[in-house]
Amino acid sequence: MTSARVAILGAVFSASLGMMGCGGGSTPPAQNPTTTQTADKELVVRKLTVMLEHIERARRRRPADLEMLRADVDRQDALVMSLLVALQEATDIAFHVAADEGWGVAASNAEAFTLLASRGVIDSELGAALATTVRLRNRIAHGYATLDLERIWKELPDGLAHLERFGSALTRWMDALPGA
């Protein structure tokens, strides 16, 4: 298990304890001190946990070289499915947080991340990276065209790192909510 995953799961666990009344209080987010907690933290924690599990699965399923991936259609399917689930969970979280906080409903998956960035939940660089990364979700889910295995293989490490950063940022944001 990677140290980033351990840190995020630890933070998610701490957030879970806080929801159950076992944690201490915290201060409201600095970027919006008037925010009131309306996001369904239990739902977000469950989705973060699934997202992190699939990030780890995708990382394990990515072979050492591209030719190994091309030669193993079952590995391709498993890798792409884990990526799809991780991307979908991240997208669901973004939509839930924005809607639950009363920030509106994003018009697209990509916009959901830019909306969170505009509210300071994630930084703008991460918002832009996720807005780009999440477009792959539609290509996978709807089979718009054949997937470019070389591109997926090359970009997967950075994409998974973006998703882990998203998990860390969401955990910090939830911990900073009033009553967290």
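Observations
- Net charge of Cβ neighbours under 15 Å - reference Glu42; Lys, Arg +1; Asp, Glu -1: -2
- Rounded to whole Hz, the Karplus (6.51, -1.76, 1.60) HN-Hα couplings of the stretch 148-164, x for glycine and proline: 8, 4, 5, 5, 4, 4, 5, 8, 4, x, 5, x, 5, 5, 4, 5, 5
- Hull volume in cubic angstrom per residue (convex hull over the Cα atoms of the stretch 39-168): 94
- Packing-based ranking, highest mean first, of 98-108, 74-84 given that Cβ atoms within 10 Å are counted: 74-84, 98-108
- One quarter of the surface of the convex hull around the alpha-carbon atoms of the stretch 136-176 equals 3.4 nm², the direction-averaged projected area.
- Couplings for the stretch 126-143, taken from phi via the Karplus curve 6.51 cos²θ - 1.76 cosθ + 1.60 with θ = phi - 60°, read 5, x, 5, 5, 5, 4, 6, 4, 5, 5, 5, 4, 5, 5, 5, 5, 9, x Hz in order; Gly and Pro are left as x.
- Averaged over residues, the count of other Cβ atoms within 10 Å places the peptides 88-97, 146-155 in the sequence 88-97, 146-155, highest first.
- Here each label is just a point 7 Å from Cα along the line to Cβ, and for His142 and Arg46 those points are 2.7 nm apart.
No value in this document is a laboratory result; all are computed from the given coordinates. Keep in mind the model is a prediction, meaning the values are calculated, not measured. Here Cβ is always computed from backbone atoms with ideal geometry, including for glycine, and neighbour counts include all displayed protein chains.
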